[in-house]
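All remarks here apply to the structure that follows.
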Amino acid sequence: MQILYSLEFERRYKRLPFEIQKKAEEKEIIFRKDPFDSRLKTHKLHGRLNNFWAFSIDQRCRIIFAFLERNKVRFYAVGDHSLYKKP
């Protein structure tokens with residue numbers, strides 16, 4: 001699975017606490033093998049974000065992404081539920 005990272009994702013990722021960054025890296029390894037692994041709690045978003053998906057890093061943090069091609073995705077944002085409120 002090829003993962004591209006948006007500038008927004010990279011900016012937000014750098015601001016995360018180190019512990020969350022480590023969890024995100026662990027989840028990314030799982031994601032690369034199977035984006036729908038039950039440990040990720042991958043789900044389709046709705047409303048104005050209906051072209052996107054999200055998966056859980058932990059109970060509080062999520063990564064928002066979109067499928068670009070069969071084995072290619074882009075990570076757009078990372079953070080808590082306030083991500084869903086962003087335009």
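The values are calculated or read from the model by the stated rules, or taken from the named source; none is laboratory data. This one's a predicted model, so the numbers in the text were calculated from it and none came from an experiment. Neighbour counts are summed over all protein chains in view; Cβ atoms, including those assigned to glycine, are modelled from backbone coordinates with ideal geometry.
Structure notes:
- Residues in the range 36-51 that are at pLDDT 95 or above and out of contact with any strand residue (DSSP E or B) (no Cβ under 7 Å at 6 or more places or on another chain) were compared, and the one that is nearest to Cys61 (Cα to Cα) is Arg39.
- Count of residues meeting criterion [in a helix (DSSP H, G or I), surrounded by 11 or more Cβ atoms within 10 Å (Cβ to Cβ) and either on the phi > 0 side of the Ramachandran plot or in contact (Cβ under 8 Å) with a residue 24 or more places away in the chain (or both)] in the range 1-60: 12
- One residue stands out among those in the range 10-32 that are charged (D, E, K, R) and within 13 Å of the chain's Cα centre (by Cα): the one that is farthest from Ser56 (Cα to Cα), which is Glu10.
- Boolean, Asn71 is in contact (Cβ under 8 Å) with a residue 12 or more places away in the chain, over 13 Å from the mean Cα position of the chain (by Cα) and under 18 Å from Leu83 (Cα atoms): no
- Scanning the range 61-80 for residues that are touching a strand residue (DSSP E or B) at 6+ places or on another chain (Cβ under 8 Å) and part of a loop (DSSP other than H, G, I, E, B) gives Cys61, Asn71, Asp80.
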